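Encoded as structure tokens, the structure appears first; notes follow it.
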Amino acid sequence: MAMRDEARNIIRDLGLTILKKHSPKLPIETYGGKYGDKQIWLQLNGRCPRFGVDNIGTDPSVLNTYIGIVNYEPDLILNAGTAGGFACANAKVGDTYLSHPYVYHHDRRINIPGFDEYGIGKYACYPCGEIAKRLGLKTGVISTGNSLDHTPLDLEIIATHNGEVKEMEAAAIAWLATTYGIPFLAIKTITDIVDGPESTEEEFLKNLNYASKILGEKTIELIDAL
Ligand code: SAH
């Protein structure tokens, strides 16, 4: 997970405790515990010491995921977080999506044969159609980029690849999961409407606590169902 605010409820409700800070130089933290018959490791990117905010976006997420994979060899990697949704796809603040059937990057434009598709990525996700139906969750293609806002070109690329959910981490984590052959799934609760009237940053901050509460509940239901 990227942000502590998104993770707080899940850590509390699963009864996880801090296991490890992996290095004095890296802020990545692992919380862990048994939940039913499952072993959970929840990893936070941690706080950037230079800027005093949570590390978010693709780079910290890849490092976080790598540390998780080599230390704990998980059977499944779940990226839980918040995201922007689209009014044109009927998204509302508080809706929760599971990634299906793939996640990809919308801000890696490399117009050279081969590299064009590499940039977009399109990483397949763990099949979740049945689980989503059972839990009453939406499913959709998740689109990852390193900006909270968007340019007209971002929107065009998102539409071209049928993106319904916009956020900043999923495809990066899915790349590493795919590299290691570990099933990957993302669960994202909507904080803001990308094509709505409000500014993304104001809407995001206004709804972060509300969406994080729903994200926590739905993530635990998902873990129960997996
Ligand atoms: N300004 C915020 C920083 C969080 S950035 C703050 O100070 O708290 C947004 C985070 O939420 C990222 O981790 C991203 O994955 C997710 N997110 C939510 N809505 C998004 C959107 N519309 N576009 C991109 N990322 C979004």
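The values are calculated or read from the model by the stated rules, or taken from the named source; none is laboratory data. Since the structure is predicted, the reported quantities are computational estimates derived from the model, not experimental observations. Ideal geometry is used to build each Cβ from the backbone, glycine not excepted, and the neighbour counts take in all protein chains shown.
A few points about this structure:
- Any pair with Cβ under 6 angstrom, 6 or more apart, that starts in the range 68-84 at a residue that is farther than 14 Å from residue 38 by Cβ and ends at one that is of a type in the set (Ser, Thr, Tyr) and more than 16 Å from the ligand (Cβ to nearest atom): 69/180
- Exactly one residue out of 25, 92, 21, 38 is more than 19 Å from the chain's Cα centre (by Cα), basic (Lys, Arg) and closer than 25 Å to residue 217 by Cβ, and it is 38.
- Every test in (1) in contact with a strand residue (DSSP E or B) (Cβ under 8 Å, 6 or more places away or on another chain); (2) within 13 Å of the ligand (Cβ to nearest atom) is passed by residue 151 save one, and that test is (1).
- Selected residue [modelled with pLDDT of 95 or more and touching a helix residue (DSSP H, G or I) at 6+ places or on another chain (Cβ under 6 Å)] from 94, 140: 94
- Among the residues listed as 64, 71, the single one being polar (S, T, N, Q), more than 24 Å from residue 217 (Cα to Cα), out of contact with any Phe, Trp or Tyr (no Cβ under 6 Å at 6 or more places or on another chain) and not in a loop (DSSP other than H, G, I, E, B): 71
- Residue count for the range 103-132 under the criterion of being closer than 23 Å to residue 192 by Cβ and in contact (Cβ under 8 Å) with a residue 60 or more places away in the chain: the result is 5.
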